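Notes to accompany the following structure.
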Amino acid sequence: MKKWSVTSPGAQHLKLETAPIPTPGDYEVLVRVDAVSLNYRDLGVVDGEDGAAMPFPCTPGSDFAGSVVAVGQRVTRFAEGANVIGTFWAGWLDGDWPPTARVLGGSLPGVLAQYVVLHEDWLVQAPRTLDASTASTLPCAGLTAWFALVEKGGVHAGQTVLVQGTGGVALFAVQLARAHGARVIVTSGSEEKRRKVTELGASYVIDRQAHSQWDVLAREYTAGRGVDHVLELAGGENLATSLRALHQGGRISLIGVLGEHTMTFPSVPSFLTRPVIQGIGVGHRRALEDLVRAVDAIELKPVVDERYAFEQLPQAFEHLKRGAFGKIVVQAN
């Protein structure tokens, strides 16, 4: 089989290698990887900046879809031929996050390979209504939006959700919030992306380049009430703007740090706004199974900006660095 390996920190050290197809052991399954969805954290892993404690050389990538081609002894959850997707957190099945959970393409080897062997508990059945490319986008980006809005946020009709940017998590949030009957405000600095996200279902878009105090426009759109839920994807002082846009008792989900790795906001307004501020670190397997059922029920179609051949991983990473509308997918088989 072919697999990607990075021998030392830096994208220039990515190499496409040949390796034997692995054999599953007890409780393990062999999966033919059909598609891998890239995340910004994969860039950090390749550059040695993610703090994932991966030894070099290593194989990056955490999100994939594929088919089970062989099962080891004692496997009960899947049979040969099953279409599956991986869980971002290996070992987080439900409830509170366990300290023993690890990340594929983090502290565990990644999935940018044509075949991988994984514990059966680290997989879920893929949606019936999606192909491998679109299904591969669910484990991190899709589940993060679902965990923030549905699992923890309880989004419902009549609410207003504000989403920052047009990356994978953001566009899933637009689709899921709309499916639950909520209005969606999106901030974006790109005119083309604002047009596309309007077509996707956003109720109102704000040019964040022209309006640094976008919270003023968000409050105007909600007739002064403020928004019910903000997906905070930028970090830094942007959190203060998110707080000013929020309705009293509203919710801010801390998801991204595209701007800075620290977040700051004024204390007194937070006392008056009484916000619920919660960090979101993707989610557990049970929530991913819930998301899969929802995807099939509402026939949600994830937004894939572009698909690349397996040999084009460096070009796919460059596209990711430039910014994408939705997800970038690498097809492995």
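With 25 Å as the limit, the listed pairs LYS152/LYS196; LYS193/LYS301; LYS2/LYS196 have LYS152/LYS196; LYS2/LYS196 beyond it between alpha carbons. Ordering ARG128, ARG244 by the number of other Cβ atoms within 10 Å of each residue's own Cβ, fewest first, gives ARG128, ARG244. Charge tally around PRO127: other residues with Cβ under 13 Å, Lys/Arg +1 each, Asp/Glu -1 each, net -2. Taking other C-beta atoms within 10 Å as the exposure proxy, PHE147, PHE271, PHE265, PHE56 rank PHE271, PHE56, PHE265, PHE147 from fewest upward. Remark on VAL155: its backbone amide H falls under 5 Å from those of VAL150, a criterion applied only to residues 5 or more positions apart or on other chains, H modelled at 1.01 Å from N. Overall, the chain carries a charge dipole of about 540 debye about its Cα centre when +1 sits on the Cβ of Lys and Arg and -1 on the Cβ of Asp and Glu, all other atoms neutral.
Taken over the chain, the convex hull of the Cα atoms encloses 126 Å³ per residue.
Along its three principal directions, the equivalent ellipsoid of the stretch 153-279 from the Cα gyration tensor extends over semi-axes of 20, 17, 14 Å, largest first. In this structure the amide hydrogen of LEU93, modeled in the peptide plane, comes within under 5 Å of the amide hydrogens of ARG285, none closer than 5 places in sequence on its chain.
Note on VAL169, VAL117: ascending count of other Cβ atoms within 10 Å places them as VAL117, VAL169, the fewest first.
Per-residue 3J(HN,Hα) values for the stretch 241-256, derived from phi via the Karplus relation 6.51 cos²θ - 1.76 cosθ + 1.60 with θ = phi - 60°, read 5, 4, 5, 5, 7, 7, 6, 4, x, x, 10, 10, 9, 7, 10, x Hz in sequence order (x marks Gly and Pro). For VAL184, the amide hydrogen comes within under 5 Å of the amide hydrogens of VAL161, SER203, TYR204, counting only partners 5 or more places away or on other chains and with H modelled in the peptide plane. Most simply put, the chain has about 50% antiparallel DSSP beta bridges, counting only bridges with both residues inside it. Assuming charge only on the beta carbon of Lys and Arg (+1) and of Asp and Glu (-1), the dipole of the stretch 153-279 about its Cα centre is about 300 debye to the nearest 20.
Read-outs: derived from the displayed coordinates by stated rules, not from any lab. Remember, it's a predicted structure, so these values are computed and weren't measured experimentally. Backbone-built Cβ (ideal geometry, glycine too); neighbour counts: all protein chains shown.
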